[in-house]
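The values are calculated or read from the model by the stated rules, or taken from the named source; none is laboratory data. Note that this is a predicted model, so its numbers are computed, not measured. Cβ placement follows ideal geometry from the backbone for every residue including glycine, while neighbour counts extend to all protein chains displayed. In case anyone asks, the SASA skips ligands and DNA or RNA and just uses the protein heavy atoms, side chains included. Shrake-Rupley method; radii C 1.70, N 1.55, O 1.52, S 1.80 Å.
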Amino acid sequence: MPLFEARPSKIVTVPALAAVILGGDLSTPIFVRNLEVLTEATGGPAQLRRLVLEFAVRGALVPQQAPDGDGSSAIRQAKEHEAELVSGGQLRRRAPHTAVGADDQPFSVPPSWAWARFGELGDWGAGATPSRGNASYYGGTMPWFKSGELNDGYVHDAEEHVTELALRECSLRVNQPGDVLIAMYGATIGKVALARSICTTNQAVCACTCFNGVDNEFLLRVLKAFKHRFVEQGAGGAQPNISRVKIVETPCPVPPLAEQKRIVARVDQLMALIDDLEAKQTKKRDLSTRFTKASLEALTTADSPEDFDTAWHRVVENFSTVIDASATVDELRQSILALAVRGRLADQDPRNPNAQALLAQCPSRQNEAQAQGRFKAVERLPPPRDDEYGELPCGWACERLGNLCRFIDYRGKTPTKLPSGTRLITAKNVRMGFVNLEPQELIAAGDYSGWMTRGIPTNGDLLFTTEAPLGNVALFDFSEPVALAQRIIGLHPYCDLDSRFLMFVLMSPWFQTLLTDKATGMTATGIKASKLKELVVPIAPLAEQKRIVARVEHLMKLCDELEAKLRRAEDRASKLVEAVVKEIVA
């Protein structure tokens, strides 16, 4: 029976739901029923929220009702309110806005709706930053909001407060409870909030006090829906910015006031439903993750053949649940390595020579190499104690890494980097299981003489990183001359060992945990060569090593294929959701 079958888990598709959405009918039960489908896609909840807002400003969330009147009446009421404020001296007279023509309208709206500029719906004004050099401007009681504090919801109190003196001398706009705030600069562009208290803002925030006929909660949601449009307007500079002028000149769809309030209620209802579904999906993923971890852990820690068989059948029977997403494939890879170092991937053959006979080669070969002057004499470490590894599979043995391999490392001054010369392999190049030649660094071969006295790695040796990152291991396999940087140790086995088997042992969760326990350092966790040499590793008979290596490589290839299939399926689901939204908002 194979360890696992390379097949993708169930991935949701949404063609039927796409048809419903593209038809513009968000009020039907089928949309609500299928919200759960969309929340499973990567980025689905965020796209759903954007979609709900987009339909809100297009009049597709709630039905139009004749008694409500039309949007023109709401705009007329706003203009009358503005005129009253001007005549009462509460507002300065402004030049009239240009009417919104058909070419200015970015999308269609119901016949009962109308179009106006944002500037016609309220009084807009930005804030300011009092001089930081004047301490008397800060530490007062008036909340002073910066753009980073806008949370797309409601704000009550700010991180900083300004004084009455700052309000009198620094041209700060005093915003009232219910005013709508929008960020105009940088990474926060388009973020909004509704003020719950009297407050002021810095110059990166523009505020609007709505006129009669305009519901401030509705305006808040319209601005949320228009965020991507404001971001596009602000693009092009070193820092994306919009201005008050751009905001007030932007066309805005206006339904009757009563419909505005129904839209707000419907948006909030759907957003709460999306939040609830997202929370359920998160909980479901967490449960799935825990199930995956428990299933694979039971498989790799089984103490008896019976326990292993039970755990094995549990994984096989629930494979599509255990491995249900591309992120969980790495858990499977770790389990394969854990099984490998416990002798679970290949049968033990009592006819094979015991691994102890293999390890017996190490002392004589070490002495031979030292006698030939290839490197300085190194004392052998005491043999492993019985309690340092635990129960070994039949025919296996264990040895300290320093007795098993010659350590080849460079301890001199870091060589000067040059535009040409010998390739320098650094810790950044050594990944788990392979060497990535980018980034490329070159040095002069003559600058590396101090390292040459310790020997040069040969193809088939291992490279091991001792810091930043710790514990990455890969095969040394180069046709060109290369040099090793600091924080990399070359491991040259003394005996007839399959280096790939040793690589899988060092990559295994068991050894990586052991390594972490022995590591030291605060800012950069690492391990000294002397400590690394003391660590104990299990060794199988050579014939079994080769069977394990073949099995691991086969299974890792299947893992790669499985992960690719899952990623493609997840990507398709995510892109379908994104395409639906883009088609709507185009």
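Miscellaneous remarks
- Cross-link table 191/246; 146/227; 191/280, entries beyond 21 Å C-alpha to C-alpha: 191/280
- Sparsely packed loop sites in the range 117-186 (the GluC sites (Glu not before Pro) outside DSSP H, G, I, E and B with at most 15 other Cβ atoms within 10 Å) comprise 159.
- For residue 224, the accessible surface of its heavy atoms amounts to roughly 60 Å² (probe 1.4 Å, protein chains only, rounded to the nearest 10).
- Which of 517, 268, 498 is most accessible, then next, and so on - probe 1.4 Å: 517, 268, 498
- Accessible surface of residue 554 - all protein chains present, 1.4 Å probe, nearest 10 Å²: 90 Å²
- Overall form of the range 264-423 per C-alpha gyration tensor (a/c, 1.5; a/b vs b/c): oblate
- With 25 Å as the limit, the listed pairs 428/565; 224/565; 533/557; 284/565 have 428/565; 224/565; 533/557 beyond it between alpha carbons.
- Rounded, prolate or oblate (a/c below 1.5 giving rounded, otherwise prolate when a/b exceeds b/c) for the chain by Cα gyration tensor: prolate
- For the chain, adding -39500 (n - 2.57) for each run of n ≥ 4 DSSP H residues and dividing by the number of residues yields -13500 deg cm²/dmol at 222 nm.
- Computed over protein heavy atoms with a 1.4 Å probe, the accessible surface of the chain works out to 48 Å² per residue.
- Per-residue SASA entry for residue 322, accessible area with 1.4 Å probe, Å² rounded to 10: 0 Å²
- Amide H to amide H, with H built 1.01 Å from N, residue 179 comes under 5 Å of 195, counting only residues 5 or more places away or on other chains.
- Considering only 125, 62, 105, the residue lying farthest towards the positive end of the dipole of the chain is 125, judged by Cα position with unit charges set on Cβ.
- Eligible aspartates and glutamates near residue 283 by straight Cα distance, threshold 18 Å, same-chain separation 8 or greater: 36, 40, 275, 324
- C-alpha center-to-center spacing [the range 63-104, the range 377-422] in angstrom: 80 Å
- Apportionment of accessible area to carbon and sulfur, the range 221-293, percent (1.4 Å): 59 percent
- Backbone amide hydrogens, once placed in the peptide plane, bring residue 191 within less than 5 Å of 183, excluding anything fewer than 5 places away on its chain.
- Counting only aspartates and glutamates at least 8 places from residue 528 when in the same chain, those with an alpha carbon closer than 19 Å to its own are 379, 399, 409, 467, 517.
- Computed magnitude of the charge dipole of the chain (debye, nearest 20; Cβ of K, R +1, Cβ of D, E -1): 1180 debye
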